Every structure is written in structure tokens, then in C-alpha cells.
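Note sheet for the following structure.
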Amino acid sequence: MKAIQYYGPKNIQCEEIPVKPPKEGEVVVKIMSALTCGTDVKTFRRGHPVLIKEVPSGFGHEFAGIIDMVGENVEGFKVGDRVVAANSAPCGKCFYCKRKEYNLCENLDLLNGAYAQYITVPARIVKKNMLILPDDLSFDKAAFCEPLANVVHGAYRTEIKEGQSVGIIGIGPIGLMFARVAKLMGARVIVAGRNPVKLKMAEDFAHADEIVDLKKYPNPEKIFKDFSDEGKGLDVAIECVGLPEIWEQIFGCVRPGGTVHFFGGCKSGSRVSFDTTKMHYGDIKMMSVFHHTPEYFRKALEYIASGQIEVEKLITDTLPLEKVEYAMQQHIEGKAIKFLIKPWA
């Protein structure tokens, strides 16, 4: 099969490699649609200690396709089934799984290799985090399940309520999906970003109530507060960039009694500073949510299949496997939201 192999930062190659035959409990999926992701871009630029543990490695993790081979003792799936699989599944036995904190599983193996014609899905993912697609749902849309599952997990854990004012800084695909989910939960949503392509998508896809161009208004704190009830500050403020200075900035946008969600992961070793008086006496809830769980992976598929979230609008262009490196460069230059990769093109 053709597959993208990761050798190190800014070093990926499209090569012919063997298809890994399925072991017991595993399946081989013929990948029909894959998507680029911000995490893949970060990995391309500087590596990733969790996703890439040895090289060469498969690359990419958002995909949907058709089961091509089935290992022994696989239950509930057969050759020809149209499926979407998550990039992980919890073990169910560790300290965190026993507390139903499945995203923190100590044995959370992450699946890579979506930029390829086939991918071998581990038995645990097959059993816990692979789903059969509705007949009328396209592979292109279904491939969005994994990134959307992260967002749905974050939005539900934030406990966004109808009528609340929700502000989001950072409108890449994650921020845009966060805004859309918040709207579906009944919130009034204001977003802020710099990229004109993404600012337009905040209107066309997310249906945000207010959109702030940070090139014109580099500090959105006043605008966010003006958007809130009585100018007190946002009920919920969400950071989707992953920069310490933006973490600190968005902290100033929330009202006393509100919630700040630091969803964007910063570079390892980063430090931030907050006004402890405002935090303590303002009774501000500060939180972060990592990854997804089987529950939210299923919820993401429901959102997509129902048409409530028109994920296809986030696709910038469709590319063959050989142009994955070009896609990474386009992301780095801020010229894309998501690329749809077609391994058989």
C-alpha cells in the first residue's frame, strides 16, 4: 500500500509499505477519507513524544473507511462494513478508568497511520471505539468524528447552559467546532481570531453571534465584556490557541462566578500567571479537558449524522496522499482549515 511515513520533524515520505495483517480482535480498514489536523501539523513541525514513539511511524489519525480484513474473534463487524474509528480506546482497568475518567487512561495507546490506503485498527479500539456508519453518511463527514469528539467532551464538561454568553479565542477547526456546539447548546457566542478564512467560517459554519478580528482589536477583553449581560464579563471563556499569553488574556474576559476553559494545549514547560484575588474572591472556575472518551465519540457521530454540524464546510480542499506535506505547509502558512486526503486518488 501507499502510506505516509514519519521520520522526524519536517521529514515525511510517501512510500510503498506492507499492509499489516490483522491479529486476533483487529481489523484492517481501507481508508476512504482522512483529514489533516492541528496536532499533525505540530507533530510535522517539531515531533510529538506521545504520538510518535519510534520512527519510521505512520502519520495521521482522523479517518473513515471500509473493513477489508477481519482478524479472529472480532464481534459485531464484518468485511464490507463502513466504519469510523477513534485514535484511541481506554483500557478499562487502570486507576482512572475505574473512576470513569477514560480520557486519562494510563494505557491509552494512540493510533497513527491515517495517511495511507489501509490501517490496521487495534483490538481494543475495534471493541470500544469503532462505529458502523449510517448508510447515508459519507466517509468525508464521518472522518470528523475524532476531532469533534474532543470538542463535544470539552463543551459538555464545561456545562454550557442555554442563554449563557460564551467567548472563544482561537478559531481554527477546534475553535470553530467549539463555537458551533456551544450554539447548539443554546449559548450566545462571540469568537475572536486573526485569519480571514477562519473569520468567515465563524459566520458560515459556526453561526457565531459576534465575530472579532484580532488584527483590528488585538485585546478583545472590552468587546467580550460588552457582549456579556450588563457588561459583567463572559459566563464562559474558552481558549483554543494554546499560548500562555492567550491563557492569561482570556482569564480577564470572564465574570465573577464564571468559567474559564483552557482547551488549547501549550508547549511543554509553559507557565502562566493569574490574579489570585480575582480568581479566589471572584469565585472563578478554571478547567481544562483533554482528549475524548467512547461516550463523546458516539455523541460526535450523532451530531454529524443528524446534520446539526455541517462539518464538510470546514474542508479547504481535497488532496491525494502524495500532497500531505504540501497540506502541512499550507496549514503552517495559515491558508487552510482542514484538508481532505483521498488515499486512492
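Over all distinct Cα-Cα pairs of the chain, the Kirkwood formula returns a hydrodynamic radius of 20.7 Å. Relative contact order of the chain, taken over Cα pairs closer than 8 Å and 6 or more residues apart, is 18 percent.
DSSP finds beta bridges in the chain, and of those with both partners inside it, around 55 percent are antiparallel. Using alpha carbons only, how many angstrom separate the centre of segment 1-76 from the centre of segment 263-287? Answer, in whole Å: 35. Within segment 16-138, the ratio Rg/Rh, alpha carbon atoms throughout and Rh by Kirkwood, equals 0.97. Evaluated at q = 0.19 Å⁻¹, the base-10 log of the normalised Debye intensity for segment 270-340, with identical point scatterers placed on the Cα atoms, takes the values -0.93.
Going down the table (Lys2/Lys100; Lys222/Lys285; Lys42/Lys215; Lys10/Lys93; Lys23/Lys198; Lys141/Lys278), which pairs top 32 Å between alpha carbons? The pairs that break the limit, which is 32 Å between Cα atoms, are Lys2/Lys100; Lys10/Lys93; Lys23/Lys198; Lys141/Lys278. In this Cβ point-charge picture (+1 for Lys and Arg, -1 for Asp and Glu), the chain has a dipole of about 560 debye about its Cα centre. Cβ crowding within 10 Å, taken as a proxy for footprinting-reagent exposure, orders His61, His280, His207 from fewest neighbours to most as His280, His207, His61. Would you mind calculating the relative contact order of segment 207-345 from Cα pairs under 8 angstrom and at least 6 residues apart, reporting the percent as a whole number? Relative contact order of segment 207-345: 15 percent. Scanning the chain for DSSP H helices at least 18 Å long along the axis (C-alpha atoms) with a Kyte-Doolittle mean no lower than -1.0 picks out 145-158.
Quick note: the coordinates plus some simple rules give every number you see, no bench work behind them. No experiment lies behind these values; they were computed from the predicted model shown. Ideal geometry is used to build each Cβ from the backbone, glycine not excepted, and the neighbour counts take in all protein chains shown.
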